[in-house]
Amino acid sequence: MQLSTKHLLGIKDLQRSDIESILTTAKQFKEVLQRPIKKVPSLRDTTIVNLFYESSTRTRISFELAEKRLSADTINFSSSGSSIAKGETLLDTVNNILSMKVDMVVMRHSASGAPHFLAQHIPAAIINAGDGINEHPTQALLDGFSIREKSGTLEGKKVVLIGDIMHSRVALSNIYLLKKMGAEVMVAGPPTLIPKYITEALDVHVEYNLKKALQWCDVANVLRIQLERQNQVLFSSLREYNLAYGVSKKLLDSLNKEIIIMHPGPINRGVEIDSDVADSNQSIILQQVENGVAIRMAVLYLLSEKSQ
């Protein structure tokens, strides 16, 4: 099984067959993760550097665990306390790491397009672990995998992304993936947090009324309010946001059906989602975390020279 691309820079660049290959491989790796011995020698003698210029807990740990489960040699690098703080450029940093004969680079960066820049300049395979407000491809893959695992298919499913669409790389990657896999997509949230031309640009439905959005969908993926990326006030207060767009048990109980609840994390409990929803039987948030390791194992394996 081989992907049509050497790197995973974004879902936008993938073909539907690539997504199918990743999801199928992830299913096999998830079975490995259920065994008493969870390690396989698939990437033995492959060296992977985790290059995180932006703070991350879940994504970094998930990639590290995936690499260890595949028996890869890993180097962890964060910008704080490194030469970057002394003014070293991105390309210098990576060239120094590559001189250590690294095969793959997993990269998170606050600048949109940083992994694409690297891919043009260095021979190693690049995996985008989130770049600015552009894309977060492995999150979309694990979200798609989780929906398919829970409901059997992505084809024809109605999925709503709720919240801060404007600043969310998760939203963009999810939209690309869901559309390619035959799902219908809606975005919902305050008008100030939804890009004006999203309907024309990405062919998605837009809804400003949360109850109507939930009534429409089969799956609700609730996104975090990204206060750190907002350089102006886009809604009155977190309390007001929760009243208008927070997903509560009362709201879900008022629907005439049961929907699947997702969240890419980290969760702001009591803001975009209430605790009794996040921890309910409708929620597959913990399954998303578990599936993240299997998806990242699949991506690392399929992009490695070992799978060729």
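The values are calculated or read from the model by the stated rules, or taken from the named source; none is laboratory data. Computed from a predicted model, the values in this text were never measured in an experiment. All Cβ positions, even for glycine, are placed from backbone atoms using ideal geometry, and neighbour counts span all protein chains on display.
Before we move on, is Ala171 part of a helix (DSSP H, G or I), among the small types (Gly, Ala, Ser), out of contact with any Asp or Glu (no Cβ under 6 Å at 6 or more places or on another chain) and under 14 Å from Asn221 (Cβ atoms)? Yes: the conditions hold for Ala171. With respect to the conditions (1) aliphatic (A, V, I, L, M); (2) at pLDDT below 95; (3) more than 20 Å from Ser304 (Cα to Cα), Leu161 falls short on a single one, namely (2).
Pairs are defined by a Cβ separation below 7 Å, a sequence spacing of at least 6 or placement on different chains, a first member in the range 87-115 that is over 20 Å from Leu8 (Cβ atoms), and a second member that is of a type in the set (Val, Ile, Thr); the pairs so defined are Thr93/Ile84; Lys101/Thr47. For the condition surrounded by fewer than 20 Cβ atoms within 10 Å (Cβ to Cβ), over 20 Å from Thr24 (Cα atoms) and among the polar types (S, T, N, Q), Thr93 qualifies. Only residues that are in a loop (DSSP other than H, G, I, E, B), out of contact with any Lys or Arg (no Cβ under 6 Å at 6 or more places or on another chain) and farther than 17 Å from Ile273 by Cβ were counted in the range 174-208, giving 9. A count restricted to the range 281-298 and to residues that are touching a Leu at 6+ places or on another chain (Cβ under 9 Å) and farther than 15 Å from Thr47 by Cα stands at 11. From the list Lys38, Lys68, pick out the single residue that is at pLDDT below 95 and surrounded by fewer than 18 Cβ atoms within 10 Å (Cβ to Cβ). Just a single option satisfies the conditions, and that option is Lys38. Residues of the range 120-160 that are in a loop (DSSP other than H, G, I, E, B) and of a type in the set (A, V, I, L, M, F, W, C): Ile122, Ala124, Ile133, Leu154. Beta carbons closer than 7 Å, at least 6 apart along the sequence or on distinct chains, pair a first residue in the range 273-284 that is assigned by TED's automatic domain parsing to the domain that holds Ser146 with a second that is in a loop (DSSP other than H, G, I, E, B) and polar (S, T, N, Q) for Asp274/Ser248; Val277/Ser248. Looking at Asp103, is it at pLDDT 85 or above, not basic (Lys, Arg) and not assigned by TED's automatic domain parsing to the domain that holds Val299? Judged against the criteria, Asp103 is not a match. In this entry, Phe63 passes the filter for residues that are at pLDDT 85 or above and of a type in the set (Phe, Trp, Tyr). Within the range 174-193, the set of residues being farther than 16 Å from Cys217 by Cα and modelled with pLDDT of 95 or more comprises Tyr176, Leu177, Lys180, Met181. Quick one: in the range 228-254, which of the residues that are more than 30 Å from Gly292 (Cα to Cα) and part of a loop (DSSP other than H, G, I, E, B) is modelled with the highest pLDDT? Result: Ser254.
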